[in-house]
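A.B. asks: Can you keep this structure in mind? I'll have questions shortly.
The values are calculated or read from the model by the stated rules, or taken from the named source; none is laboratory data. Because the structure is a prediction, the values reported are computed rather than measured. Note that we place each Cβ from the backbone using ideal geometry, even for glycine, and neighbour counts take in every protein chain shown. Note: accessible area is taken over every heavy atom of the protein model, side chains too, but ligands, DNA and RNA are not part of it. Shrake-Rupley method; radii C 1.70, N 1.55, O 1.52, S 1.80 Å.
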Amino acid sequence: MDLTKLLKPKSVAVVGASEKEGFGGDTCRNILAYKEDLSRVYFVHPKRETVFDRPCYKSVSDIDDTIDLMIICTAQKTVIPLLEEGAKKGCGGAVVYASGYGEIGTDEGRQNEKELKEAAERLGIAIMGPNCAGFVNYIDQAFAFAFISEERERTGKVGVVSQSGQLCLSMMEDPGMRFSYSISAGNAKIVQMEDYMDFLVDDENTKVLAVYIEGVKNPSKFIQVLQKAAQKKKPVVVLKVGKSAKSQQIAASHTGSLSGSDKSFDAMLKKFGAIRVDDLEELIAMSMMLSTLPCMPTKAAFSTMCLSGGETAITADVASLNELHYPNFAPETLQKLKEQLPSYATPNNPLDMTASLSYDADLYAGALRTVIDDPNVGMVIIGYTLLYKIADPAIHYMFEGIKKVSEENHGKPIVMMPFAENTRNPEYQKKLFDIGVPVLPPPVYALKLLKYLSDYVEYFERERTFELATPEKSPENPVALSEFESKQLLAKYNVPIQAEIIAKTVEEAVAFAKEQNVPLAMKIESADILHKSDVGGVKLNISGEDAVREAYETIMMCVKEKKPEANINGILMAPMMKKGVEMIIGVNNDPQFGPMVMVGMGGVFVELFKDVALYPAPLNKAEAMEMLKSLKSFKLLTGYRGSEPCDLDALCDTIVGIADFAAQNKDKLKELDINPLFVYPEGVGVADALIVMEK
């Protein structure tokens, strides 16, 4: 869908223009306040001659010009007739503020929505909304926004797309924010959230996308946008509700969207390097920081330069909580800092440089230059609380020092971090913004944001799979496969399966036991029995002919007694596996985003601590290793307390194979479970497997 006439209009008609407070009046006020060239802006109202001393037309048809964009400020019942009238004037975009559509949850609302969609398609008009607050294109001064905010310059490089108009307004009211576009999409029933995101990814004036979303209506388009953004290295910052059951209920009632699996959504964002934040403050601060920095960190390694020991200690603690990497300074850095700092200062990272250098621009610049040039450091954080009313003159000298170093272009970014959320001095906040130094929130927020940045930087250090196995349909009548069937399917995807047979008679069982001459595991083989132990269907460590016969007969007797209706294939015979590090690998097929591969430690780790990693299929070995390293229990795989290190290479190969199977069966697979999987110093072993899929 072409959004040019909607978002970059050359001519605009405000239908329902007014001087009263409300959509019509406030839209007119915004246009008059911000747009310099009003020559092709037309106010329309059937009962007014003028609006704010500008001529007012009785109808769109009366305008002697083509109209790119109509801003419809009138009631729901007038919308379609106005669209039909506008189409005759060349209208290609419309903002519809009116409510009364699918969001109200009535048959009438749903019918109104259906008719609006049909009209948009028939007339070829890209419609924003309905039930939206409109948008602002700050680059071209196109104002189709219904909320009033403080009049000030806001032009920048953050492109905002939000399903909430109030959140758009809150971002606009933040004094540090600068926008390319601010789009309140509302219900997004015709032009969808994904369409706006796609437009902004391609927009050369937009450096960062900031998105507030309540549900994904077009998963394939959403994924395409994230793929494109990752390949362009254009950051996407997402605030999505739906983590809690309450939030999902509110989202559904607010916009009519349904939240999918939140964990799957989170995993999908990670696959494409999108940054997920937890609240509006994080969305504002993260997108502002990313749009302001002149370059990305050369590596995810930080240094903070503070003026006091207290500030330095706070930084060290909060940075540790967020697992930020604060490397030791190189020897040459330490030597220079000892020469530059007062004798009572002890150079460390984070750095307490004391306050004395902050009153001399050249000395401050010298210390900053030393730290930023350290080969171990990728980014520098200036620790300083920028008060609204400046009493201490330190900031004057510090700013001049920061400016000197910034203009030298060391190829590493600088940010400022206050230690209390006081009202910031707008003059110096703007001065710092103009030299590419954003002012962040205090440490608990700031260092969490820098962890997001750290993850984003590291994302591009590894080879990535940009494909996603999105299903085209759901599995029809999926059934559980037996353990043997499941294992044989996985073996075709390089998942190591040991030699095993289905013994249909006692004699076959005895013959296999003699051939193997090792302790055996004997399990009932039936797709109708998923929990074998519950029906007495498992015997372990069986050795010798007599023991095999007894185990075979006991299993069959117990199963026939407890599951007489089950279809039994025989007894699955396999050599007992030696104990290794126990893990679980599973797949759940998300209806929107496809198969999600889960990896975790087995036993109590998965049951009690929920220590698992989730990632969409397909994936590569680097991504599989990333999953493993994200586990809190990862150390158990690396030779913990004297045990031998596990074969991580074989484990990653197995994860990749399972992901390949899941991706290639995305329309048939419902779920998959390998539990347990043993990992050894050499190789891995699949002890049990279950696949549920369409046959």
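A.B. asks: Ranked highest first by average number of other Cβ atoms within 10 Å, how do 439-450, 310-321 line up? Before the final figure, lay out each step's value.
C.D. replies: Details: 439-450: 21.3, 310-321: 17.0.
Going from most to least packed, we get 439-450, 310-321.
A.B. asks: Let me ask something else about it. Would you be so kind as to identify which of Gly102, Asn477, Ile382 lies farthest towards the positive end of the dipole of the chain, taking Lys and Arg as +1 and Asp and Glu as -1 on Cβ and the Cα centre as origin?
C.D. replies: Gly102
A.B. asks: Moving to a separate point now. Roughly speaking, what is the centre-to-centre gap between the stretch 404-435 and the stretch 103-178 when only Cα atoms are used, to the nearest Å?
C.D. replies: 32 Å
A.B. asks: If I take the Cα coordinates of the stretch 598-695 and project them onto the principal axes, what are the three extents in Å, biggest first?
C.D. replies: Dimensions of the stretch 598-695 along the principal axes of its Cα atoms: 46, 27, 22 Å.
A.B. asks: Jot down the radius of gyration and Dmax of the chain, Cα atoms only, both in angstrom.
C.D. replies: For the chain, the Cα radius of gyration and maximum Cα-Cα distance read 31.4, 104 Å.
A.B. asks: Please state the Cα pair-distance histogram of the stretch 403-482 with 5 angstrom bins from zero: what percent is in each bin?
C.D. replies: 3, 10, 13, 14, 14, 10, 7, 6, 6, 5, 4, 4, 3, 1, 0
A.B. asks: For Thr78 and Glu21, FRET efficiency with R0 = 25 Å and r from the beta-carbon atoms, rounded to 0.05?
C.D. replies: 0.80
A.B. asks: May I ask you to derive the FRET efficiency for Thr505 and Asn477 from their Cβ-Cβ distance with R0 = 41 Å, giving the value to the nearest 0.05?
C.D. replies: Values: r = 32 Å, r/R0 = 0.79.
The calculated FRET efficiency here is 0.80.
A.B. asks: Also: For a quick check: with amide H placed at 1.01 Å from N, whose amide H comes under 5 Å from Ser11's, ignoring anything fewer than 5 positions away on the same chain?
C.D. replies: When sequence neighbours closer than 5 places are left aside, the close amide H contacts are Asp68, Leu69.
A.B. asks: Give me the Kirkwood hydrodynamic radius of the stretch 60-211, using the inverse of the mean 1/r over all pairs of distinct Cα atoms, in Å to one decimal.
C.D. replies: 15.9 Å
A.B. asks: How far is helix 309-321 tilted, in degrees, relative to the longest principal axis of the Cα atoms in the chain, given as a value from 0 to 90 rounded to the nearest 10?
C.D. replies: Roughly 50 degrees, rounded to the nearest 10.
A.B. asks: Between 0 and 90 degrees, rounded to the nearest ten: what's the tilt of helix 394-407 against the longest Cα principal axis of the chain?
C.D. replies: 70 degrees
A.B. asks: What's the FRET efficiency of Ile390 with Tyr344 using the Cβ-Cβ distance as r and R₀ = 30 Å, to the nearest 0.05?
C.D. replies: Between Ile390 and Tyr344 the formula returns 0.65.
A.B. asks: For the stretch 172-247, report the convex hull volume of the alpha-carbon atoms normalised per residue, in Å³, without decimals.
C.D. replies: 117 Å³
A.B. asks: On a C-alpha basis, how far is the centre of the stretch 276-336 from the centre of the stretch 574-649 in Å? Whole number, if you could?
C.D. replies: Between the Cα centre of the stretch 276-336 and that of the stretch 574-649, the gap is 31 Å.
A.B. asks: Taking 1 over the mean of 1/r across every pair of different Cα atoms in the stretch 1-122, what Kirkwood radius in Å do you get?
C.D. replies: Averaging 1/r across every pair of different Cα atoms and inverting gives 14.8 Å.
A.B. asks: Among 394-406, 332-344, how do they line up by average Cβ neighbours within 10 Å per residue, starting with the highest?
C.D. replies: 394-406, 332-344
A.B. asks: Give the ranking of Leu540, Leu293 by solvent-accessible surface, highest area first, calculated with a 1.4 Å probe.
C.D. replies: Listed by decreasing accessible area, they come as Leu540, Leu293.
A.B. asks: Let me ask something else about it. Determine which residues of the stretch 381-419 fall in the zone a paramagnetic label at Tyr359 would reach in this model, i.e. backbone nitrogen under 11 Å from the point 7 Å along Cα→Cβ.
C.D. replies: 393-394
A.B. asks: Between Glu400 and Thr106, what is the label-point separation in nm under the 7 Å Cα-to-beta-carbon projection?
C.D. replies: 6.8 nm
A.B. asks: Would you kindly derive the ³J(HN,Hα) couplings of the stretch 651-659 from the backbone phi angles with the Karplus curve 6.51 cos²θ - 1.76 cosθ + 1.60 (θ = phi - 60°), listing them in order in whole Hz, with x for Gly and Pro?
C.D. replies: Residue by residue, the stretch 651-659 yields 5, 5, 4, 5, 4, 4, x, 5, 5 Hz.
A.B. asks: Could you order the peptides 193-206, 411-424, 556-569, 37-50 from most to least packed, using the average number of other C-beta atoms within 10 Å per residue?
C.D. replies: 193-206, 411-424, 37-50, 556-569
A.B. asks: OK, next. Quick check: residue separation of Asn422 and Ala566 times 0.36 nm, minus the Cα distance between them. What number comes out in nm?
C.D. replies: 44.9 nm
A.B. asks: Which angle between 0 and 90 degrees, to the nearest 10, do you get for helix 262-271 versus the longest principal axis of the chain when only C-alpha atoms count?
C.D. replies: Value to nearest ten degrees: 80.
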